[in-house]
Amino acid sequence: MSNTQELDNKYVLPTYARVDVEFVSGDNARLVDSDEKKYIDFTSGIGVVSVGHANKKVNSAICEQISNITHTSNLYNIAPQVKAAQKIVEQSGYDMKCFFGNSGAEANEGAIKIARKFGEIDGEVKRYKIITLQHSFHGRTITTVKATGQESMHNYFGPFPDGFVYADTMSDIEGLVDDHTCAVMIELVQGEGGVQPQDKGEVQALAKMLASKNVLLIVDEVQTGVYRTGKFLASQVYEIQPDIITLAKGLGGGVPIGVVMTSLKDILSAGDHGSTFGGNYLSATAACAVLDLLKEYAKSGELEKMTTYFNQKLEEIYSTNRNLFTSKVGIGMMCGLRVNNADTLSKIIANAKDEGVMVLKAGKNTLRFLPPLTITKEEIDEGFKSLNRALATL
Ligand SMILES: *Cc1c(COP(=O)(O)O)cnc(C)c1O
């Protein structure tokens, strides 16, 4: 056992089943551990390091900013926060405003508060119910874990806030909408649930049905947002107009940040919501640098080129290992291979690490890939070579 793991066991609460490996440096999709072993990173810290490790542009923007000022509180104007909001709104193409927090769960808490206030002040009866999907994931706070449609996460922590209703499938949602429903919250591609994209036609029909009933559509883009599925937002890929969108993971390039954005620009008043850290100079500057970089990267066609190449390599692995994999799933740089049994999946992930490529699990049986969006052809080739070796040694 490493020294770090020993100390972790002694001083850190055991909420993670950590792998005993410690990365000490990185460069784009490359990682180096404390034994100087090299890896290709197909995880990007669960979709966070969207611009790669040790990104020079993001790092120099952060360094320049924090050499002047890091934090003042939201009592005063913060230029980088305003700039980040402007970039987010402009890149989304939606007529919205932003609120900044520090994580995905917090962004979703903001979304739920907006929906609840809307439900309180709009209409005759108070509406408070929020419908979410089975196998969804919306966070770990008491409210967002209750919004998460996974019964196994609802042990121990009750009583929970009332008003969360779970739909088994997209087509069950309409039947669950009643006079007390204020919103429906979905992921367009379920991430933690197993890299499961929703059907575009079904999503568009849902959006239309909800609009006709004056029920809000919240799209949780904490994982799908910031170019992960090819466009800035998966909502753009699905060609819908949500009322509320949340972002977090890929937005800060590793610096904690979360955003809830909404077309209900006047719903919240001063004092309704707030955050000490949210959108401070550090995280907002990181987000601005990430947004500038990825906007250019997508515009240049490079993101699409590498996404196509990555998926081509994944398709090769899939078609040559049909004994292990049952399907290839996902959109853009959010992809997965369904594995025919859970034991095999764990072995693949462990072998992959030994062979020098980091991959993720999602749901019960999905091998998940969330590479940095800036991953190069050479890094993709190396990663898949290692993955092929990992599969050969099963
Ligand atoms: C990761 C994730 C969250 C939670 O984000 P945190 O930053 O861990 O709070 C919420 N929703 C989705 C879709 C996610 O993938």
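Worth pointing out:
- Count - residues of the stretch 17-42 that are open to solvent by less than 20 Å² (accessible area, probe 1.4 Å) and assigned to a loop (DSSP other than H, G, I, E, B): 2
- Residue check for SER103: at pLDDT 95 or above, under 15 Å from LEU247 (Cβ atoms) and not β-branched (Val, Ile, Thr): yes
- Of the residues making up the stretch 245-260, none is away from the ligand (no atom under 15 Å from the Cβ) and either within 18 Å of the chain's Cα centre (by Cα) or in contact (Cβ under 8 Å) with a residue 40 or more places away in the chain (or both).
- One residue stands out in the stretch 336-394 among those that are open to solvent by less than 30 Å² (accessible area, probe 1.4 Å), β-branched (Val, Ile, Thr) and assigned to a loop (DSSP other than H, G, I, E, B): the one that is nearest to PHE23 (Cα to Cα), namely VAL359.
- So GLN198, is it open to solvent by 50 Å² or more (accessible area, probe 1.4 Å) and not basic (Lys, Arg): no
- Considering (1) touching a His at 6+ places or on another chain (Cβ under 9 Å); (2) within 25 Å of ASN55 (Cα to Cα), the lone condition that SER386 does not fulfil carries the number (1).
- Sole exception among (1) without any contact (Cβ under 8 Å) to a residue 12 or more places away in the chain; (2) outside the structural domain of PRO372 (by TED's automatic domain parsing) for LEU13, by number: (2)
- Picking from residues in the stretch 309-330 that are part of a strand (DSSP E or B) and out of contact with any helix residue (DSSP H, G or I) (no Cβ under 7 Å at 6 or more places or on another chain), the one that is surrounded by the most Cβ atoms within 10 Å (Cβ to Cβ) is GLY330.
- Test result for GLU64, open to solvent by 80 Å² or more (accessible area, probe 1.4 Å), more than 29 Å from GLU192 (Cα to Cα) and outside the structural domain of GLY194 (by TED's automatic domain parsing): no
- Residues of the stretch 67-93 that turn out to be open to solvent by less than 60 Å² (accessible area, probe 1.4 Å) and within 22 Å of the chain's Cα centre (by Cα), as a count: 8
- Here ALA115 fulfils each of the conditions (1) buried (at least 20 other Cβ atoms within 10 Å of the Cβ); (2) more than 17 Å from the chain's Cα centre (by Cα); (3) away from the ligand (no atom under 16 Å from the Cβ) apart from (3).
- Test: residue in the stretch 193-204 that is within 15 Å of the ligand (Cβ to nearest atom), assigned by TED's automatic domain parsing to the domain that holds LEU233 and on the phi > 0 side of the Ramachandran plot: yes
- Search result, residues across the stretch 261-284 that are among the hydroxyl-bearing types (Ser, Thr, Tyr), under 25 Å from THR70 (Cβ atoms) and open to solvent by less than 50 Å² (accessible area, probe 1.4 Å): SER275, TYR281, SER283
- Residue list for the stretch 126-145, filter: open to solvent by 50 Å² or more (accessible area, probe 1.4 Å), more than 18 Å from GLU221 (Cα to Cα) and either basic (Lys, Arg) or out of contact with any Gly (no Cβ under 9 Å at 6 or more places or on another chain) (or both): LYS126
- Neighbours by Cβ (under 9 Å, 6+ apart or cross-chain): first from the stretch 338-350, closer than 22 Å to PRO197 by Cβ; second of a type in the set (Phe, Trp, Tyr) and open to solvent by less than 40 Å² (accessible area, probe 1.4 Å): ARG338/PHE325; VAL339/PHE325; ASN340/PHE325
- Checking the stated criteria, LYS38 turns out to be in contact with a strand residue (DSSP E or B) (Cβ under 6 Å, 6 or more places away or on another chain) and not polar (S, T, N, Q).
The values are calculated or read from the model by the stated rules, or taken from the named source; none is laboratory data. Computed from a prediction, not measured in an experiment: that's the story for all the values here. All Cβ positions, even for glycine, are placed from backbone atoms using ideal geometry, and neighbour counts span all protein chains on display. Just so you know, the surface numbers come from the protein's heavy atoms only, side chains and all, with ligands and any DNA or RNA stripped out. Shrake-Rupley method; radii C 1.70, N 1.55, O 1.52, S 1.80 Å.
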